[in-house]
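Here's the structure, in structure tokens; my notes come after.
Derivation of every value follows stated rules applied to the coordinates shown; laboratory data play no part. Bear in mind the structure is a predicted one, so any value in this text is a computation, not a measurement. Every residue, glycine among them, receives a Cβ derived from its backbone with ideal geometry; neighbour counts consider all protein chains shown.
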Amino acid sequence: MLAENVEWSQGSAEQESAEVVLTGVIRGKPMKADRLLQISDWGAFQISKIVEAPFEQHKKGKGNMMDIESANDEIIVDQPTEDQDNLDELAPEETVMQDFDHDARSTMTAGRKSVLLDDTHYIQEEDEEEDDIKAPKKLPKGTSKYQAAWYLGDMSESGSDMEDNDEELEDVDEAMGNVAGPADGTEGMAPPPVDPTEAGPSEYPQSEMFIDPSADQEAAELAAYRQRRKTTAAQDDLQFPDEIELHPNVLARERLVRYRGLKSLRTSTWDMDEDKLYEPQDWARLLEIQDYKGAQSRVLRDSLLGGVTPGTRVAIHLRDVPTSSLPEKFDAALQPLPVFSLLRHEHKRTSVNYSITLDATAHPGPVKSKEELIVQCGPRRFIINPLFSQGGNTPNNVHKFERFLHPGRSAVASFTAPLTWGSVPVLFFKRIAPTSTSADEAMETDDAPAITSAPGTLTLIGHGTNLPPSSTRVIAKRIVLTGEAYKINRRVVTIRHMFFNPEDVAYFSALQMWTNRGRGGTFKESLGTHGYFKATFDGQIGPQDTVGISLYKRVWPRPAVAWRDE
């Protein structure tokens, strides 16, 4: 509806709310008093009643005088019921299940002896008996634990009962440019070489005595190694954009306590219980939709039943409108005021995902994650600090966090904001700081006078589409620890400069190593007291290869703020 007239009660200065009456003609679909009303950038408000407001009819009276025919009693066409939406964006605190012992948070990581790999800690207490690790059964989707006991072994390999979307996922990943690399896990590794059929000497020599270098020698060699890495920073940034460097005096097991290992970024199980220690305070109060398509169909069908029919001129009475949301002066004739009726649940906050494609012409540089943007989705605008992540569908619903969104590329922007049903087009804007062109610059560029941009100017930098929201979509931030191949004896390699004490080597020994050429390796044994260790690889590596391990932690979307015109 386009408001033709806006009236609100002018109370005392101490009055915090007022009653607002909007007059106009309903357009599009029926309007219900149970649903909230979104008024431009003012916000969403509740309806107290909808009154019919027909145009005034004039008729001739005696003495050629014009009489105005108006009704004495107002005709109420719709009133809210018990089903009216409230203004709460989050679920009440008493409805959140407190299934996590907050007092035990500090003790969850105190006794750990190894990093979490997928959903398992592989180093247990010495007095504990090791349980047999059973391979997971292939079962139909939705099979409960009780039903799984009735399957003696795996299902048939034909895949008729299974959901096999590997080919579709590969097509989506190729379209988004998400090609698996060695750092992503098993799917990015090179195939192992064929073992020789003839007998030959062993590739695994006997352990030899290792002597730790002196502290001065170790510091000099570490500085020289990292200096060599910095000389080719441009190429290394393309190969290892997530690489970090640890200080020799910092314990890796303490600094990286929030990180875990994954055998495969796309298929490994992500243990959600580990995230409860670090999830935001109101994360459990967000709206969670199990069946998005089914819920959307029910909401759309409900919006077509009842309500005031389009084409009716009405006066909408809003209650408890904060005076801070109202402008000091407003003229509907000079400033159009669009009014939209929200669908059910569209005022509730959830973890939303928008696809975004950065326009290389409008914004030639990259956009950093968590950088402030303004997004327009339907009738609402928000100030957001989005997290960028890779798109597509993965079996484990884990998506790699992207530090930058480069021009011409696409990603998924995630943040918490009110829900919007359907695939709605989205526009992304960025604030432009006030700039001016000096007289000298104007003469060099043959420009006339200096140009000054107005403060608060917005420029369009990208577009996208609203995607289904999900609070279980994991955005995994990856870091890479790299080391240098110190000694190479065929497939057995001595690694240094990845860790700096044997305790860290033991803590991360369950992780899989990889090289920039796709070779995979495992920890063999620790050497000395300076973090040197031996590793076994599935193929011959050279001194030019860089050895690394990948670690991941979950990052959480930040809340959006409603846009307000200044």
Inset, instruction - Over 25 Å between C-alpha atoms is what I'm after, so list which of Lys32/Lys348; Lys49/Lys293; Lys293/Lys553; Lys276/Lys368 land there. - result: Lys49/Lys293; Lys293/Lys553; Lys276/Lys368
Inset, instruction - Describe numerically, in nm with one decimal, the distance between label points set 7 Å from Cα along Cα→Cβ at Asp359 and at Ser470. - result: 3.0 nm
Inset, instruction - Using only the alpha-carbon atoms of the range 287-407, report the extent along each of the three principal axes, biggest first, to the nearest angstrom. - result: 49, 39, 27
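Of the listed peptides 416-423, 354-361, what is their order by residue-averaged count of other C-beta atoms within 10 Å, with the highest listed first? It would help to have the intermediate numbers written out before the result.
Numbers: 416-423: 19.8, 354-361: 18.2.
Peptide ranking by packing, descending: 416-423, 354-361.
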Legend entry - Inter-label distance, nm, simple model (7 Å from Cα along the C-beta direction), Asn397/Glu82: 3.3 nm
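Please report Glu89, Glu16 as a ranked list, fewest other C-beta atoms within 10 angstrom at the top and most at the bottom. Intermediate results must be reported in sequence, preceding the final value.
Values: Glu89 19, Glu16 10.
Listing Glu89, Glu16 from fewest to most nearby Cβ atoms yields Glu16, Glu89.
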Inset, instruction - May I ask you to compute the full-extension gain from Lys293 to Phe55, defined as 0.36 nm times their residue separation minus their alpha-carbon distance, rounded to one decimal in nm? - result: 81.5 nm
Inset, instruction - With a cut-off of 13 Å, note down the residues of the range 338-367 whose backbone N falls inside the zone around a label point 7 Å from the Cα of Leu2 toward its beta carbon. - result: 338-339
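Return Glu82, Glu74 ranked ascending by Cβ neighbour count within 10 Å, so the fewest neighbours appear first. Don't jump to the answer; show the numbers that get you there.
Values: Glu82 5, Glu74 12.
Going from least to most buried by this count: Glu82, Glu74.
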